Structure formats: C-alpha cells, structure tokens
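Shown next, in structure tokens, is the structure this report addresses.
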Amino acid sequence: MTNTEKIISDFFIKREGKEILNHLHQIDFIDSGYIDSLDLLVLADYIEESFNIKIDLTNEDTFKAVRKFQSLVKLIEQKKK
C-alpha cells in the first residue's frame, strides 16, 4: 500500500470502521452511499490538507475520479507531481 492509499484509506476507516477495507477498492463512494455532496467537500478538504493540493470538484473529470478509490489515488498522484 502506498502512502497515498494509506492516507485515503484512513479517511474512510475513521468514518466507517476497518471493515470498509474489505470492499474499498470495488465501490463507487457516491452510489454506495458512503459519501454524499457534503462529504465530498470534507474529502476534498482532507485531501488538500493531507497532500497540499487543490481538488476542483466542479471539474467533471475530477468529480468522476473521486468516486472510486483507485482513480482518486491516481488523481492525487498526478497532482502531487
């Protein structure tokens, strides 16, 4: 597990408990109900504080990327460069 994956996993573990790790990589966070519109803002703030990068949720590609674990990690890794 990369450092980015660990930090994002920790966000969901704090909210849902360790059992979320069993399916974190397979779910769509919004469709599954794990995050709603307000939670997206909280997640974006968490990412900005943890990685010192900006997440523009008004960008359609960014919005799609934050819905799933692997695409979110990839987005963060690209923005960190």
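The values are calculated or read from the model by the stated rules, or taken from the named source; none is laboratory data. Please read these numbers as outputs of a predicted model, since none were measured by experiment. Backbone-built Cβ (ideal geometry, glycine too); neighbour counts: all protein chains shown. Remember, those area values only see protein heavy atoms, side chains included, never the ligands or the DNA or RNA. Shrake-Rupley method; radii C 1.70, N 1.55, O 1.52, S 1.80 Å.
Identify all lysines with a Cα-Cα distance to K79 below 25 Å; exclude those on the same chain that are fewer than 8 residues away in sequence.
Within the straight-line cut-off, K79 pairs with K6, K14, K54, K64, K68.
So, with a 1.4 angstrom probe, what is the percent of accessible area on the chain that is carbon and sulfur?
Numbers: 2480 of 5050 Å².
Here carbon and sulfur together make up 49 percent of the probe-accessible area.
Top mean-square fluctuation among S37, S50, S71, Gaussian network model of the chain, C-alpha springs under 10 Å?
Maximum fluctuation in the GNM of the chain, among the listed residues, is at S37.
If I take R0 = 25 Å and measure r between the Cβ atoms of D36 and M1 in this structure, what FRET efficiency does the formula 1/(1 + (r/R0)^6) give, to the nearest 0.05?
0.40
Could you give the dipole magnitude of the chain about its Cα centre, charging the beta-carbon of Lys and Arg +1 and that of Asp and Glu -1, in debye to the nearest 20?
320 debye
Enumerate the aspartates and glutamates that K81 could reach by cross-link, defined here as Cα to Cα under 20 Å, with residues fewer than 8 away along the same chain left out.
The reachable aspartates and glutamates, counting only those whose Cα sits under 20 Å from K81, are E5, D45, E48, E49, D56, D61.
Would you mind working out the accessible area per residue for the chain, using a 1.4 Å probe, and quoting it in Å²? Each step should come with its number before you reach the end.
On the way: 5050 Å² over 81 residues.
On a per-residue basis, the chain sits at 62 Å².
Would you calculate the separation in nanometres between label points at Q26 and T58, each defined as 7 Å from the Cα along the Cα-to-beta-carbon direction?
Between Q26 and T58, the label points sit 3.8 nm apart.
Which Cα, out of Y34, A65, L75, lies furthest along the positive dipole direction of the chain (beta carbon charges, K/R +1, D/E -1)?
Farthest towards the positive pole: L75.
Could you put K54, K64 in order of accessible surface area, largest first, with the 1.4 Å probe and the full protein assembly present?
Final ranking, largest accessible area leading: K54, K64.
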